[in-house]
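Contents: one structure, followed by commentary.
The values are calculated or read from the model by the stated rules, or taken from the named source; none is laboratory data. Since this is a predicted model, take the numbers as computed values, not measurements. Cβ coordinates were reconstructed from backbone atoms using ideal geometry, including for glycine residues, and neighbour counts include every protein chain displayed. We work out accessible area using only protein heavy atoms, side chains counted, and drop any ligands, DNA or RNA first. Shrake-Rupley method; radii C 1.70, N 1.55, O 1.52, S 1.80 Å.
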2 protein chains.
Amino acid sequence: MTVLAGLAFLLLAPVVFGSVTAPTGPGTAVPGAGGEDVTQIMGGLFLLLLAAKLGEEVMRRLGQPGVVGELLGGFLVGPYCLGWVQPGESALVMAELGVVVLLFSVGLEVRTDDLFRVGKPAVLTAIIAMLLPLAGGFALTTAMGGEPISSFFVGLALAATSIGITSRVLRDMGVLDRTFARVVIGAALVDDILALVLIGLAAGLAEGNVSASTVLVGVAGIGLVLLGFVAARRARGLPSRAFTWPLFADTPLVPAFLIMLAIAELAAIIGLAAIIGAFVAGLIVAETEAAEELERDFKPLASIFVPFFFAVTGAQLDLTALLDPGVAALAITLAAIGIVTKAVGGMLGARSIGRWGSTAVGFGMVPRGEVGIVVANLALVTGVVDAGLFAAMLVAVVLTTVAAPYLLAWVVPRAEAETAAAAGGPA
Amino acid sequence: MTVLAGLAFLLLAPVVFGSVTAPTGPGTAVPGAGGEDVTQIMGGLFLLLLAAKLGEEVMRRLGQPGVVGELLGGFLVGPYCLGWVQPGESALVMAELGVVVLLFSVGLEVRTDDLFRVGKPAVLTAIIAMLLPLAGGFALTTAMGGEPISSFFVGLALAATSIGITSRVLRDMGVLDRTFARVVIGAALVDDILALVLIGLAAGLAEGNVSASTVLVGVAGIGLVLLGFVAARRARGLPSRAFTWPLFADTPLVPAFLIMLAIAELAAIIGLAAIIGAFVAGLIVAETEAAEELERDFKPLASIFVPFFFAVTGAQLDLTALLDPGVAALAITLAAIGIVTKAVGGMLGARSIGRWGSTAVGFGMVPRGEVGIVVANLALVTGVVDAGLFAAMLVAVVLTTVAAPYLLAWVVPRAEAETAAAAGGPA
């Protein structure tokens, strides 16, 4: 009943908050603000957060993954459905901070030693689970008569993993400390560096010149992650007062937040995803004695920031492209290739951790997220793919994102049972 | 030493993070983002937060109010000084959420009954401490040969109170529960409604037509605040599960955050400051049994968001206008009038709470902040004041903002001693 009341409120909200996009009086202008005024900022953030949370509520009461509800809530109020919220800069900032805070929190729960222990399957998985979708997308597009360069872009859009959704789902399930979760995270790290190099290569191919800087960027990416690992080892057992000696720091929160922003920024400057930097920052502070206090202090931050990432992602999903049968068929084929090749890649790369565990690794690498979108955009802008293929690539990315929570919800209990059955046996 | 190291790092930061404003590769673009990419967002937020915190650290080690350090840190890296950070939409969003979260937190610590108890001195103070600066600014400008309409605008810029700085300083001092603090907060509420009506009136005068809607807006403002008080009384003793019944709400945090955004948005739509709505939202949830849990959960949020408000405010302070002697002299005169008239207004309006207590009330109303800036901008845009007078108005607003923490630091201990001496006497 109360859920229904909430939904009714959500439906009425644009009537009540009718002036979300209307110009307001001088009393409410932010001095110096560019696009949005206070009314638009507050109204947009309110509707997105409300939609995400009501979406989660409905989906969870239906026994579905909550994160799918946040995505659908964002889609519902976003420009491709009801059009009540046009995610502006404010929502995008909250979304970006949301996924950064999420990956930092995931890093906080991971120990570097555990990550090293799964180094071999993680690297193997990353490589295999990148080459297989690349080959699959390439083969399909070539079979359809595409140029090699178009085929390469389509393959690449299917190859890059976005760890945001998976880490959220694994976190909601409370299985971040399992071996398969560590392999997924480690593989995603390696995957991001590989994708970085391949995107540089693709951009170079599209423009007809591959520069040596592509390789340098890859080296810088590996360097940042390795330096992060070294820093994490050095940070081991650092007392909490290493964070709280400044007068401004009542708790380690603000210094840790600054470290998070700094390393995320470094990663972004190099060309890696900012979330890789945030994850590395989480790894580092997780080794200090401030870890527990930080986990407690970051929880409220994550509750507020993270839903914006999924709501804004949802608001950017153009599910209406599925209404075109041609695009839909191609997109579903691409998504199916993307899912199967990642699953097989995980099963091959991580087969040392068991049948279901390795399948969980593969399914964990299914979501393509923003990296796939970036590749598709790049392909469109450079004229390598046409509008139809571009739409199909985008929708395929979307489908992998929405499918992942379901795939994980199905496979994780099996992986858990497998681990339980093998308990006492060789690790 | 470590502070020096931090400062050295801040000075080096633009070298290290040289590409804060440089375009980045496709791998780091936020899909659909307008002005800023991830590198700019993370880099800008990092530098602003770091500057604010280092500024606070230096000022506090020098025995000065921390909030002045945050303002100066923001000024230092901002466009009017070093120019390392051009506060973009992302910083403005964080700043706006910062002051909203701050006023919500203040509302959380105030009980409506206590506010009602100081109703009479608060309303008296608000009216007197608005009329006196209005008259003072009007008299000075008229004496300098200004038109009546220009004089009215200058007076109005000196009349409106911005409660952000004061509530932060009183909170840092731990005196939010004192009578004078409640009078300041109550008076600021009334002041904002009066300012709203007067700004509407001024805009109407400048354009030559005063409409009835100005009065309606005032009535709507009073209505929202009164409805808030009623809601707070109705919310009294509401159990925590009134917030946590949804599956998405592990704690009351997210529902309370939504209430905060909704009422802040309502206030902004009416034309009140969003922070008035946030404060009223805080008042309401403060009466429920979730108050304690919310105070704990909002503390990390405030630690992260609030410094952005002061850093961005600092980054928007054009202190360089003080280099023009004519502007500086006029600005200092205006600021002095603004400070003296507010102090006298407080002493007259709240004299029932004692000599130092009432002075603290007056000093608490000294900061003009964004409302003064809005009035000055309006005067410039409608051609009512020239560039020189505009600059002086802005600098006067800045001076009141920077002076307030010092005035409060000086008067609050005296008000405390007075209260202690009067303990046992009539309230």
Checklist entry - Among the numbered criteria (1) out of contact with any Phe, Trp or Tyr (no Cβ under 8 Å at 6 or more places or on another chain); (2) assigned to a helix (DSSP H, G or I), which single criterion is violated by B:PHE104? => result (1)
Next on the checklist: Go through the stretch A:376-386 and report how many residues are open to solvent by 40 Å² or more (accessible area, probe 1.4 Å) and at pLDDT 80 or above.
Outcome noted: 4
Next on the checklist: Quick check on the stretch B:94-120: of everything there that is within 15 Å of B:MET260 (Cα to Cα) and charged (D, E, K, R), which residue is surrounded by the fewest Cβ atoms within 10 Å (Cβ to Cβ)?
Outcome noted: B:GLU109
Checklist entry - If only one of B:ALA95, B:ALA51, B:ALA91 is more than 25 Å from A:ASP37 (Cβ to Cβ) and either within 11 Å of chain A (Cβ to nearest Cβ) or in a helix (DSSP H, G or I) (or both), which one is it? => result B:ALA51
Next on the checklist: Exactly one of these conditions fails for A:GLY369: (1) within 20 Å of the chain's Cα centre (by Cα); (2) open to solvent by 20 Å² or more (accessible area, probe 1.4 Å); (3) at positive phi. Give me its number.
Outcome noted: (2)
Checklist outcome for this item: Residues of the stretch A:358-375 being at pLDDT below 85 and part of a helix (DSSP H, G or I), in sequence order, are A:GLY369, A:GLU370, A:VAL371, A:GLY372, A:ILE373, A:VAL374, A:VAL375
Next on the checklist: Just to be sure before I move on: is A:GLY372 of a type in the set (Gly, Ala, Ser), closer than 24 Å to A:LEU201 by Cβ and within 14 Å of another protein chain (Cβ to nearest Cβ) in the structure I sent?
Outcome noted: yes
Checklist entry - Among all residue pairs at least 6 apart or on different chains, which show Cβ distances below 6 Å where the first residue, located in the stretch A:316-345, is more than 17 Å from A:ALA139 (Cβ to Cβ) and the second is open to solvent by 40 Å² or more (accessible area, probe 1.4 Å) and at pLDDT below 95? => result A:GLN316/B:GLY32; A:ASP318/A:TYR80; A:THR320/A:TYR80; A:ALA328/A:LEU322
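Each row is one residue, and each column tells you yes or no for (1) farther than 23 Å from A:GLU96 by Cβ; (2) open to solvent by 50 Å² or more (accessible area, probe 1.4 Å); (3) not aliphatic (A, V, I, L, M).
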{"position": "A:ALA122", "(1), (2), (3)": "yes, no, no"}
{"position": "A:LEU131", "(1), (2), (3)": "yes, yes, no"}
{"position": "A:ILE165", "(1), (2), (3)": "no, no, no"}
{"position": "A:ASP172", "(1), (2), (3)": "no, yes, yes"}
{"position": "A:LEU196", "(1), (2), (3)": "no, no, no"}
{"position": "A:ILE199", "(1), (2), (3)": "no, no, no"}
Next on the checklist: Just to be sure I understand, how many residues within the stretch A:224-270 are over 25 Å from B:VAL67 (Cα atoms) and touching a Ser or Thr at 6+ places or on another chain (Cβ under 6 Å)?
Outcome noted: 6
Checklist entry - Limited to the stretch A:116-167, what total is found for residues that are of a type in the set (D, E, K, R) and under 20 Å from A:ILE199 (Cβ atoms)? => result 1
Item to check | Count of residues meeting criterion [farther than 22 Å from A:ALA187 by Cα and touching a residue at least 12 places away in the same chain (Cβ under 8 Å)] in the stretch A:140-158 | outcome: 7
Item to check | Selection within the stretch B:221-242 - within 12 Å of chain A (Cβ to nearest Cβ) and either buried (at least 19 other Cβ atoms within 10 Å of the Cβ) or among the polar types (S, T, N, Q) (or both) | outcome: B:GLY221
Checklist entry - Any idea which residue in the stretch A:246-263 is surrounded by the fewest Cβ atoms within 10 Å (Cβ to Cβ), counting only those that are modelled with pLDDT under 95 and facing chain B (nearest Cβ under 7 Å)? => result A:LEU247
Next on the checklist: I'm checking my understanding of the structure. Among residues of the stretch B:67-88 that are open to solvent by 10 Å² or more (accessible area, probe 1.4 Å) and either within 11 Å of chain A (Cβ to nearest Cβ) or of a type in the set (Ser, Thr, Tyr) (or both), which one is farthest from B:ALA403 (Cα to Cα)?
Outcome noted: B:GLY88
Next on the checklist: Here is a check on your reading of the model: is A:LEU319 in contact with a helix residue (DSSP H, G or I) (Cβ under 7 Å, 6 or more places away or on another chain), among the aliphatic types (A, V, I, L, M) and within 10 Å of chain B (Cβ to nearest Cβ)?
Outcome noted: no
